[in-house]
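Q: So that we are looking at the same thing, I have put the structure below in structure tokens.
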Amino acid sequence: MQRVTATATAAVAAVFLLTSRATAHGGALNYTVGDTWYPGYDPYGPPTQLTSPSIPQRKWITTNPIFEATNASLACNAPGTPVLALIPVPAGSNLTAVYYSWVHTVGPMLVWMTPCPSPGCSTFIPNATTPWFKIAERGLLSGTVVDGMWFQHEFSNWDGSPSLWSERIPGALASGEYLVRHEIVSLHSANRPQWYVECVQVRVEGGEVGGVRVPGEEYLARIPGVWSMDGEWHGVGLRGGMS
Ligand SMILES: *[C@@H]1O[C@H](CO)[C@@H](O)[C@H](O)[C@H]1NC(C)=O
Ligand SMILES: *[C@@H]1O[C@H](CO)[C@@H](O)[C@H](O)[C@H]1NC(C)=O
Ligand SMILES: *[C@@H]1O[C@H](CO)[C@@H](O)[C@H](O)[C@H]1NC(C)=O
Ligand SMILES: *[C@@H]1O[C@H](CO)[C@@H](O)[C@H](O)[C@H]1NC(C)=O
């Protein structure tokens, strides 16, 4: 685990980037653990998905981004309704989010978790006090914010094949139910950051005895609240988290 070494407040607005007219948006459409695939919630599919015994991703209704740093839907997209299924993930193993035709190239990608309080994820709605901790962050690989090579760029495939984003679920967690929140922030439009967020319900299994459900306050952030719209871009300075 790493301590948070800087405030988890980041600002996104005062970056002047080329405006792109790309309208093809997206999000995490499937998940894998090992060789097992789990279906996402199809935003354009039938409402019966909400009660499916096999769909672990929370409901979202559009692949369009969220534009406001203070939007409550930043937590789990809109409407973020709980579902019934969970992905079983052994503590310390990888969960992979699958994106198709990802077209954006600038800005960080982060993964967050929070425990689902009793009785579990199927009734849990995150709110302003929910303790989110970051388990992964992928930012600039080289160069500068505007001209550099971001992980998001490397992640984009241009041939329609799936882009796989694999991150390790911390081995130090206690077993139990958690939300995993994948977040891509796209900064290609000047002064108009785009947030792409989806939540999936997981059951961490075989966690450490005496492992933590929530790390200490120094690891925690509230969502919304972790981003702000003014000042300089410090996205890659959003440090700390739990690994
Ligand atoms: C991926 O998720 C979609 C719904 O978003 C589903 O229709 C499809 O069957 C899933 N694919 C796999 C391989 O699980
Ligand atoms: C929050 O984002 C959702 C989804 O994009 C949108 O429908 C809603 O209008 C936004 N709310 C506010 C207060 O901006
Ligand atoms: C926020 O969520 C927690 C956990 O579900 C709950 O205990 C608490 O009452 C909620 N707070 C508000 C203000 O709704
Ligand atoms: C598991 O995730 C880590 C990042 O946490 C990554 O470096 C590694 O390549 C992933 N392993 C696999 C098999 O994808």
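The values are calculated or read from the model by the stated rules, or taken from the named source; none is laboratory data. The structure presented is a predicted model; accordingly, all values stated were derived computationally and were not measured. For neighbour counting, all protein chains shown are included, and Cβ atoms are generated from backbone atoms with ideal geometry for every residue, glycine included.
Yes/no per residue for (1) at pLDDT below 95; (2) buried (at least 21 other Cβ atoms within 10 Å of the Cβ); (3) in a loop (DSSP other than H, G, I, E, B); (4) among the acidic types (Asp, Glu):
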| position | (1), (2), (3), (4) |
| --- | --- |
| 20 | yes, no, yes, no |
| 29 | no, no, no, no |
| 44 | no, no, yes, no |
| 55 | no, yes, yes, no |
| 73 | no, no, no, no |
| 98 | no, no, no, no |
| 110 | no, yes, no, no |
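Q: Check every one of the strands (runs of 3 or more DSSP E) wholly within segment 161-218 and list those with 2 or more residues that are surrounded by 16 or more Cβ atoms within 10 Å (Cβ to Cβ) and either of a type in the set (A, V, I, L, M) or without any contact (Cβ under 8 Å) to a residue 40 or more places away in the chain (or both).
A: 176-186, 194-205
Q: Considering only segment 115-167, state which residues are at pLDDT 95 or above and among the β-branched types (Val, Ile, Thr).
A: 123, 125, 129, 130, 135
Q: Let me ask something additional. Does residue 64 qualify as being within 15 Å of ligand 1 (Cβ to nearest atom), among the polar types (S, T, N, Q) and at pLDDT 95 or above?
A: No: the conditions fail for residue 64.
Q: Moving on. Looking only at segment 149-201, which residues are away from ligand 2 (no atom under 16 Å from the Cβ), in contact with a helix residue (DSSP H, G or I) (Cβ under 8 Å, 6 or more places away or on another chain) and not small (Gly, Ala, Ser)?
A: Hits for segment 149-201 are 165, 177, 178, 179, 187, 201.
Q: Then there's this: Only one residue in 127, 157 is part of a loop (DSSP other than H, G, I, E, B), surrounded by fewer than 16 Cβ atoms within 10 Å (Cβ to Cβ) and in contact with a strand residue (DSSP E or B) (Cβ under 6 Å, 6 or more places away or on another chain). Which one?
A: The conditions single out 157.
Q: Are there any pairs, at least 6 apart or on different chains, whose C-beta atoms fall under 7 Å, with the first in segment 125-137 and within 11 Å of residue 179 (Cα to Cα) and the second away from ligand 3 (no atom under 12 Å from the Cβ) and part of a loop (DSSP other than H, G, I, E, B), and if so, which?
A: Pairs that qualify, where the first residue is within 11 Å of residue 179 (Cα to Cα) and the partner is away from ligand 3 (no atom under 12 Å from the Cβ) and part of a loop (DSSP other than H, G, I, E, B), are 126/76; 132/223; 133/215; 133/242.
Q: Which condition does residue 83 not pass, out of (1) part of a loop (DSSP other than H, G, I, E, B); (2) away from ligand 1 (no atom under 15 Å from the Cβ); (3) touching a helix residue (DSSP H, G or I) at 6+ places or on another chain (Cβ under 9 Å); (4) farther than 16 Å from residue 226 by Cβ, if it passes all the others?
A: (2)
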